[in-house]
């Protein structure tokens, strides 16, 4: 459902924003040649035929040829994909793990210097635009200290279709700054969410009742409260990964990271529609997958959903 | 209860919100900073003698002057100058005016659209609600910055290149506003669903009050608190989004630079040592966003009775 | 030696504007094997005392003086003490079983964890113990249900699970804070019987905190009456209820609706109005009073309502039959009672009569016009004017953003478009005085009023359209019993003076007996019987009515 809507939007992009022909041919092309090209590209077919062809092609990963770079979009994407995915995965790991830990800590210790400090910093983190953090890091670690590279992926090792930066020292070094930059904003967001969730749960009746039964504070915090508190975190984790992909556009621009975001931002500047629509479809696909995984996780974690589902099926 | 006349002023003074405001130094400080920034940005002509956009007043001789307290600094350029000899302090204030205008307009646009749709969806329910909520779902799956980029990209395709610079600011407001409305729609729908089930709404229906009046006279004032919180945080987000887009080069054009544009332009000089050209706009942006977020955070804690 | 000794206990809540003294030098002793009732209205401090014993007072409350000595141990002497006592020696039961269990742990996990916290038992032994306990509190198939999650239990069953959790390490003191308030009458009596049985079998000391005098009278051995943090009176239950010494206790007892007879008005001891029901209904001058003709004002014919969940594709639940083929008639000028437990469909019927819901089948005639089939909004307004409603929750029934004046003015303006603003003001004042509120109230906002006063504002708003039928949906069930008595008196006065027809909906049989001429009993959406009030209470014909009547807690049972 979501996929179809997004596919339709990107299709419309493709067709109605500017004239694709104009973008593909030069000024001196005659009208006959244009019409011929139109015919061969199938642009004279009814809209629904074009749309279904678009969907079929998209599902095969074909989005046509980039106006600007004159290469097939699928090729460009598959070239850039590993860089973005590695960056996003590392960032997501940093954001989720440290965000949850700090959030739980501040949620349990509502007062206290460390909590206040974490909270103040997290608020600052929400106020710091990603690109400002990036510039700051570059200035600090690359320009002043000179310990970490300020751009690129370092050396990459190619494993079949996949080129990874994880296997070389320079590759690992290169991913530190961009991934930390990318994760900071999301991390602070998760801290605040987990904290609010924990605080709310610690005030519920069942926590009070557990206290009244003499259950230890440790068990109350980590068994009773945390488990309930983590349920919404799953949703957030899902959205988080999606947002990270989007924000990787900025990080990739700042650090000149050769990923898809970098490609996309260039596409926007040059109105390179095929790349834009391909990127959009790709993002939507990732989101749908994440939502699907989140739903499955919910099924395993929240007994209220699980039991309901079992009752329906049997 | 005493019999003193409850004027509006007394009510404000007496309210819990005022009380917790007085008790919260962060809220006071951030409000103070914000008022200062707003004032300086909107009355910038009176605050600084320089007009960075008046070419006759600029001199390339002044270019790359470092901040006044450094060795080569000049007292008349407090924060130094950029590559064209523009006074950084004045440029920043003019830039923040643009950032604030874009931010406010985008939030108001998102607020009106989001609250209108969310309120009516929550109130009427049924298929209409389902369609609106599906729409927000779909849009929420696309991160806001991407949405804004996309709107901008489409606009570039539609609007001719010459017109684009003129239209850029409106495109930007529309792009950011469109990317933020689902938040408002969700919050106001959720709040409306709670309010709708309260008996005062039933009482009004039974009296015979029309749907439109119930929605705007009765429900709207009761859902404003969460909307206000989202609005404040949304303002910070909108300002950051504007800066980000401008930084990426798809926002406002360099001829009328906003904070983000300034940072992007200054970024090029970072490696050659002219750090102040990008540093001060960045710090200014962070202070602005941080103050708004502090205020929003305080508002959320105060206006949310659950956590008190 | 006394088992539990509360000595001069004081608890303060430091608030922004003032310090609230929730308990002031309270002295209570409890022995093993007895049930002590702690009774009082909201804000009396009864729950505070209960929470103080287990040291779980909500912020910003603090124990400011006195001591609590349990079996020789001073609870507040050392903060470590209570940690050893909670669960082990003191068990606590909360009011709402829906929220007191952790939703994502099975009841077995919660039981085993509690047992192993206090007793050195293996998981296997703990499990056996837990299952025996579940059986003891009356849960069938305990072995099977051991691995169920809380949401798989009904309200009454959950409260049993809560009790088993409170008792699993054999505490000697059980504190039950309104343990049955969230439950229906039939389940309430089962839970109370269970508590009584366990008290005897295990020689427990029990503190039962409640606002319900009927529960006190049927369950407790001794009772302590609290008011505004003060202990008013303490003694054997029978003595306190039959021969109260203090004025407050007398007032409290006299405002409880008797279950065995119908009285004319409730005696309000504290402030007896001098000239009740005569001059104070100012609104009478404006009222176009309807003569009572002997006719049926409302005719409900084969009314049904189903709520359909199938709109959401995810939930394949079957539609719920909330109201199933119900018919009855209400005579002009009478009070008609609609009685049933939760889920009986009584509120749904009310909402259909005031046209908030439309019925799935059947008709409602008002003054011989079928109001469920009106399409034109102009026609509808005529009926909106004649049927008004009063709601249960005084806090949600008034829009907090409007002044009282504007709340009451809204219906007046709507139904008299030509009225001048001066005229409106005097109309509002008359209405407010008719419900015994001052003129100054008009300028205030709802949050400045108490629950009872808010309910009066609600009544004033309903009367503003000069309705013929007033639908009262549990109008007093959120109020304290003394306030309830005042509101019920007010409704009776208004009805008498204004010739109102009242549809009175309640789960509280004694209240209905005092208010109504005719009563309909509902169960699961179906009508059980309709009879004259005294007939229903003396010779109930339907089995379910009989059951309800035997199970309801009766304050008079103390005489037997």
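Coordinate-derived values only; no laboratory data. No experiment lies behind these values; they were computed from the predicted model shown. Counting neighbours? That spans all protein chains shown, and the Cβs are built from the backbone with ideal geometry, glycine included.
Annotations
- Axis of helix B:161-196 versus longest Cα principal axis of chain B: the two differ by about 30°, to the nearest ten degrees.
- Calculated FRET efficiency, residue C:413 to residue B:228, Cβ-Cβ distance, R0 = 30 Å: about 0.55 to the nearest 0.05.
- Note on B:286-294: average number of Cβ atoms from other chains within 10 Å of each residue's Cβ is 4.
- Normalising by residue count, chain C has a Cα convex hull of 178 Å³ per residue.
- Scattering from segment C:344-429 was approximated by placing one identical point on each alpha carbon and applying the Debye formula without solvent; log10 I(q)/I(0) at 0.14, 0.15, 0.24 1/Å stands at -0.66, -0.74, -1.21.
- Working from the Cα coordinates of segment A:184-314, the gyration tensor eigenvalues give, after taking √(5λ), semi-axes of 40, 20, 8 Å in decreasing order.
- Between residue A:169 and residue B:17, the simple label model (points 7 Å from Cα in the Cβ direction) yields a spacing of 6.0 nm.
- Taking label positions 7 Å along the Cα-Cβ direction at both residue C:132 and residue A:89, the computed distance is 5.4 nm, reported to one decimal.
- Counting DSSP beta bridges with both ends in the protein assembly as shown, the antiparallel % (nearest 5): 55 percent
- Highest-fluctuation residue, B:294, B:100, B:262 considered, GNM on chain B with Cα pairs under 10 Å: B:294
- Spin-label pair residue B:165/residue C:31, simplified geometry with 7 Å Cα→Cβ offset, distance in nm: 9.7 nm
- Partner chain coverage, peptide C:90-100 - average Cβ within 10 angstrom: 3
- Note on residue C:342 and residue C:42: the extension gain reaches 105.7 nm, defined as 0.36 nm multiplied by sequence separation minus the Cα-Cα distance.
- Cα-Cα separations in segment C:384-477 greater than 23 Å, expressed as whole percent: 16 percent
- Inter-chain shielding of B:126-134 (mean C-beta neighbours from other protein chains, 10 Å cut-off): 1
- Cα pair count fraction exceeding 13 Å, expressed as % - segment B:251-308: 67 percent
- Taking every Cα-Cα distance in the protein assembly as shown and sorting them into 10 Å bins starting at zero, the pair-distance distribution P(r) comes out as 2, 8, 14, 18, 18, 16, 12, 8, 4, 1, 0, 0 percent.
- Rg/Rh (Cα only; Kirkwood hydrodynamic radius) as it applies to segment B:206-308: 1.24
- Debye log10 I(q)/I(0) at q = 0.18 Å⁻¹ for segment B:159-251, Cα point scatterers: -0.83
- Centre separation in Å (Cα based) which lies between segment B:190-224 and segment C:319-350: 25 Å
- Sorted ascending by nearby beta carbons within 10 Å, beginning with the fewest, A:195, A:304 become A:304, A:195.
- Mean residue ellipticity (222 nm) of chain C, computed from DSSP H runs ≥ 4 via -39,500 (n - 2.57), nearest 500: -10000 deg cm²/dmol
- Exposure proxy ranking, count of Cβ atoms within 10 Å, fewest first, for C:118, B:218: C:118, B:218
- FRET efficiency for residue A:97 and residue C:186, using Cβ-Cβ distance with R0 set to 56 Å, rounded to 0.05: 0.60
- Percent of C-alpha pairs per 10 Å bin in chain B, short distances first: 6, 22, 27, 23, 14, 7, 2, 0.
- Cα-based Kirkwood hydrodynamic radius, segment C:125-188, one decimal, Å: 12.5 Å
- Size descriptors for segment B:126-280 (Cα atoms only): Rg and Dmax, in that order, 20.9, 73 Å.
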